[in-house]
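Structure first, then comments.
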Amino acid sequence: MNKADNNGQSLNEAVVLAPGLSVGEATVAQLRDRVQSTIRGENQLAGIRAEALAELQRRAGAELTEHELRERGKRPRRRARLEIETARELEKLPETSKGLRDGDIPYENARILADANQRGSIDEKELLDYARSQSPDKFGATVRKHEQQRSTDDGISKLEHQRSRRFARIRTAIEDGMTVLYGRFDPITGARIETALSKKMNDLWQEEDPRNRATPAQRMADALALLLTRPAGNKDGPSQDVKLLVIADYDVLSRQLGNARLENGTPIPPSELRRLSCDAQILPAIFRGPSVPMDLGMARRKASTTQRAALIARDRACIGCGAKAAWCQSHHIIHWQHGGPTNLDNMCLLCSRCHHNVHDRDWQVEQTPTGAYRLRPPPAGGKRPPHPKHQHRQHRRTFQPFKQRK
């Protein structure tokens, strides 16, 4: 039976037909055609997805649309947000959207046009031929020139827009566990940063052993690290006041610490731990013990430093979206004003956005069969009923452990 006869599902499916000829049997010309057809297909699928995202965002809101991309599409948070933003802007560019759906315009070029249109007025028709024929790198330069020519204030509004969209991000690479730092700055700020980095790189080059020089990329990484972690004018002085959370297991028999690691689980060699202890402030993760009060009840509202360290060791990141623990707050599962105590089993880590979803948009914290906490959005079409523990809590001060949701 055709799926459309059952529930209409086939009408919403994008079907990709695989070539019947194997790559080993294909000629060079056929392989080149196949590569081009897949690129065209990618563009068409991106156009179909952009239309669907714009409509889904209009009906369900940006938060649930982003959740759909992250959970089912496995998109990183920033990529999901950018894709939704691009889809919304493409609705204002009908010819660009049509070229994307037809496979004539690459998605990256469509995104560049959408971004430029968001900054100000552009002539879409004037740029369409370039969007079809140029690579993203070249097309980006074409659009910047187009914007400059149409500017009526010498580019001041564009610079202000660029400054409003500045960002920096630090993450851990899933491939090898290294830390990746990157950001976007307006051209003036970028030039100042580049100047400072170049100066520090030159200083490091002068100090290097000529027989064992670092690569330019390594030297830039070293320069950036020194600029961020050393006080100005004191290259040999101690690091700035940066607290590093280190988690370790305590062996009762040997009375020694072992398995030292960062909050994200990255192991720390003993020699590096010794070096860090001399060069930075170390915040240890303290677990339950007779001398450490981990549960504070109603005595205080905010989590203590010890409790926060334990929360980071347990949750590692925001339980909703995976944002770094350093950017999270300690959230009371049963609200403090409703009688929820400041105890570990009544707290979890939430970033500001997910915290807002819980308090104002009916998202709820639940516990998985493994004991971990996670955030679940409200059901489509209505609000989730209040959690039983949130009812009639105003006049009760006794605490019951948070039960696992079935």
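Here, each number is a calculation from the coordinates, and none is a lab measurement. None of these values were measured; they are calculated from a predicted model. Cβ atoms come from the backbone with ideal geometry, glycine included; neighbour counts cover every protein chain shown.
Label-point separation (nm) for ASN12 and HIS338, each offset 7 Å from Cα along Cα-to-Cβ?
About 3.2 nm separates the two model spin labels.
Sum up the charges of everything whose Cβ sits under 12 Å from the Cβ of ILE193, counting Lys and Arg as +1 and Asp and Glu as -1, but leave ILE193 out. Write down the numbers at each step before the final one.
Values: positive: ARG166, ARG184, ARG192, LYS199, LYS200; negative: ASP186, GLU194.
Residues near ILE193 contribute +3 overall.
Spelling out what I want: for every residue of segment 64-77, take phi, set θ = phi - 60°, compute 6.51 cos²θ - 1.76 cosθ + 1.60 (Karplus), and round to whole Hz; glycine and proline get x.
Those phi angles translate into 5, 5, 5, 4, 4, 5, 6, 7, 8, x, 6, 8, x, 4 Hz.
Can you give the Rg/Rh ratio of segment 43-182, where Rg is from the C-alpha atoms and Rh is the Kirkwood radius?
The Rg/Rh ratio comes out at 0.99.
Between SER133, PRO106, GLN148, whose Cα lies farthest towards the positive end of the dipole of segment 102-215 when Lys and Arg beta carbons carry +1 and Asp and Glu beta carbons carry -1, centred on the Cα centre?
It is GLN148, whose Cα lies furthest towards the positive end.
Of LYS138/LYS200; LYS98/LYS158; LYS138/LYS199; LYS74/LYS324; LYS302/LYS324; LYS158/LYS200, which pairs sit farther than 21 Å apart, going by alpha carbon to alpha carbon? Could you put the intermediate results ahead of the total?
Values: LYS138/LYS200 32 Å; LYS98/LYS158 27 Å; LYS138/LYS199 30 Å; LYS74/LYS324 18 Å; LYS302/LYS324 19 Å; LYS158/LYS200 30 Å.
Check vs 21 Å cut-off fails for LYS138/LYS200; LYS98/LYS158; LYS138/LYS199; LYS158/LYS200.
Going 7 Å from the Cα of ARG166 in the Cα-to-Cβ direction, what parts of segment 101-132 have a backbone nitrogen less than 20 Å from that spot?
Output list for this probe position: 119.
Non-local amide H neighbours of MET347 (under 5 Å, H modeled in plane, Pro and chain starts lacking H): which ones?
Close amide H contacts, sequence-distant or interchain: ILE333.
Mind giving me the nanometre distance, one decimal, between the label points for LYS92 and LEU226, set 7 Å out from Cα along Cα→Cβ?
That separation, rounded to one decimal, is 4.5 nm.
How do 115-125, 307-317, 58-68 rank on mean C-beta neighbours within 10 Å, highest first? Could you put the intermediate results ahead of the total?
Values: 115-125: 14.7, 307-317: 20.0, 58-68: 16.6.
Most protected by this proxy first, the peptides run 307-317, 58-68, 115-125.
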